[in-house]
1. Answer with yes or no whether ARG442 is surrounded by fewer than 24 Cβ atoms within 10 Å (Cβ to Cβ) and either free of Cβ contacts under 8 Å to residues at least 24 places away in the same chain or basic (Lys, Arg) (or both).
2. Test LEU324 against the stated conditions and say whether it is over 29 Å from ASP115 (Cα atoms) and either at pLDDT below 95 or assigned to a helix (DSSP H, G or I) (or both).
3. Picking from SER435, SER404, SER390, which residue would you name as being surrounded by fewer than 20 Cβ atoms within 10 Å (Cβ to Cβ), within 20 Å of LEU249 (Cα to Cα) and either aromatic (Phe, Trp, Tyr) or within 22 Å of the chain's Cα centre (by Cα) (or both)?
4. If we keep just the residues of region 81-109 that are among the hydrophobic types (A, V, I, L, M, F, W, C) and buried (at least 24 other Cβ atoms within 10 Å of the Cβ), which is modelled with the lowest pLDDT?
5. How many residues does region 445-472 hold that are hydrophobic (A, V, I, L, M, F, W, C), at pLDDT below 95 and surrounded by 21 or more Cβ atoms within 10 Å (Cβ to Cβ)?
6. Which ones in region 234-248 are at pLDDT 95 or above and either polar (S, T, N, Q) or touching a helix residue (DSSP H, G or I) at 6+ places or on another chain (Cβ under 6 Å) (or both)?
7. From LEU248, LEU304, which residue is more than 28 Å from ALA55 (Cβ to Cβ) and not small (Gly, Ala, Ser)?
Amino acid sequence: MPTLKPVKRILAATAVGILLLLGILVAALHARPPALLRIAANYSAKIVCSNVFLAGRDPDEVLRDDVQSSGIPVLRLMRVSVDRDRQLVRAGVLGIIGDGLAVARPGEGCAVCADGSLAAAARALSRPETAGVAGATAAPATRTGAPWPDGNTVDSGDPRLAAVIGDPRLAGPGVRAVVVVHAGRIVAERYAQGFTADTPLLGWSMTKSVNAGLIGILVKDGRLALDGSAGWPVAPGDGRSQIKIADLLAMSSGLHFDEQYAAVTDVTRMLYLEPDMAAFARAQPLDHPVGSVWSYSSGTALILSRIAQDAAGMPGPVFARTRLFEPLGMRSALIETDEHGTLVGSSYMYATARDWARYGLFLLQGGVWRDEALLPPGYVAMMTTPVAASGGQYGHGQIWLWGSNADPATPGVDPDQAFGIPSDVFWMEGHDGQSIAIIPSRELVVVRMGLTPHGAGYRPQALVQAVLRALG
């Protein structure tokens, strides 16, 4: 009908206009993506890069299970491409918006290239490999056929414990590995489909407790002192010069740091937009007088990492490997570095569940391994001494004294008490349900690794309680 022709022309012009506007919007977002999209893209690239090149997992599986399963809308739109020859991973909304880029480096793991450029990737790859350093000494190799922890032979056939860790209600949703250590031996372990005893797993903030161990080694060496300055120069009106290493370990530095993860905050900016994470954290101003307030901060862990590397006088991965991981037989362990080369001691340690268990046993034994004290006398006791300002839930050495998921209805009450867990328990804990419960009085270490968002309401105490009951 002739009268419809103008309407059709108007509709066609409108559609063309909408498509043109969408094209302009996509081009603008591609050219200058906002910080939130850049964080999401770099996060996606980083997680896929580490799991592909360190853990040997399938990139599509990692994107689906580790990145997009969180339910965050922008992450559901992420697409990644993996260049195995150059060991690069790119990510973006629909594959084109966000400029996410991560690169794998020999001996250093994967790092975000914050500006999204191949030039940054080339600079990251141009550093000498951290496979060794002149004069470094290594402990004797782990004896493959020896019983764990000296070797990798495991007898984990106790049916009572097998039933406990095999119970999905106790192991929790998204579980990937459970390892139970009793009296110095692995007595039970399980792995989810697609994961084995040889799969390196991300510990997230459990890395902070390992970072504290590196500081302890340098204290024993006499290269650092807990009451020593954390390195800010004295300046008029700047109280940061009063910060001691002990203040950083106790999360009581007074430095500003926003640890919220749902938006563009200090922690997300540091991890996914800053090439030099320690410098970013060190630049934060004081919010409170030093030592007066406890405030959980991944930034302080990065500052400690830089302090440790400078004191050690060698690349961070070499120091961690030769002075801690090799003596403990933790052959799979790696703390990744940022683009600048600093250990990301807040978040990015990968290790097999058995190697995470070795570190838990090391702390249970007071920092002694094979009759050799790697940490100063009393250092682990210091780590597990409550920080008064934390209400008793956190220790002076990057250790949780309460298990996760305290009941909001009973603030200030230790949630471990409700499960009858011995009072000397202390915890290493990380994002998405990573936990290691260490109970010296029962000679017990319980490692639980997985991908279990906080919203799932999972409590590792129920698993630990059931293990204790099974052991009698």
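1. Yes.
2. The answer is yes for LEU324.
3. From the options SER435, SER404, SER390, the qualifying one is SER404.
4. Here the residue is ILE97.
5. Total meeting the criteria: 0.
6. Within region 234-248, SER241, GLN242, LEU248 meet the criteria.
7. When all the criteria are applied, what remains is LEU248.
Let's see how each residue does on (1) closer than 15 Å to ASP338 by Cα; (2) basic (Lys, Arg); (3) assigned to a helix (DSSP H, G or I):
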{"position": "ARG240", "(1), (2), (3)": "no, yes, yes"}
{"position": "MET251", "(1), (2), (3)": "no, no, no"}
{"position": "PHE257", "(1), (2), (3)": "no, no, no"}
{"position": "THR268", "(1), (2), (3)": "yes, no, yes"}
{"position": "GLN284", "(1), (2), (3)": "no, no, no"}
{"position": "GLY299", "(1), (2), (3)": "yes, no, yes"}
{"position": "LEU302", "(1), (2), (3)": "yes, no, yes"}
{"position": "GLN309", "(1), (2), (3)": "yes, no, yes"}
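The values are calculated or read from the model by the stated rules, or taken from the named source; none is laboratory data. Remember, it's a predicted structure, so these values are computed and weren't measured experimentally. Methodologically, a virtual Cβ is constructed for each residue, glycine included, from the backbone with ideal geometry; neighbour enumeration extends over all protein chains shown.
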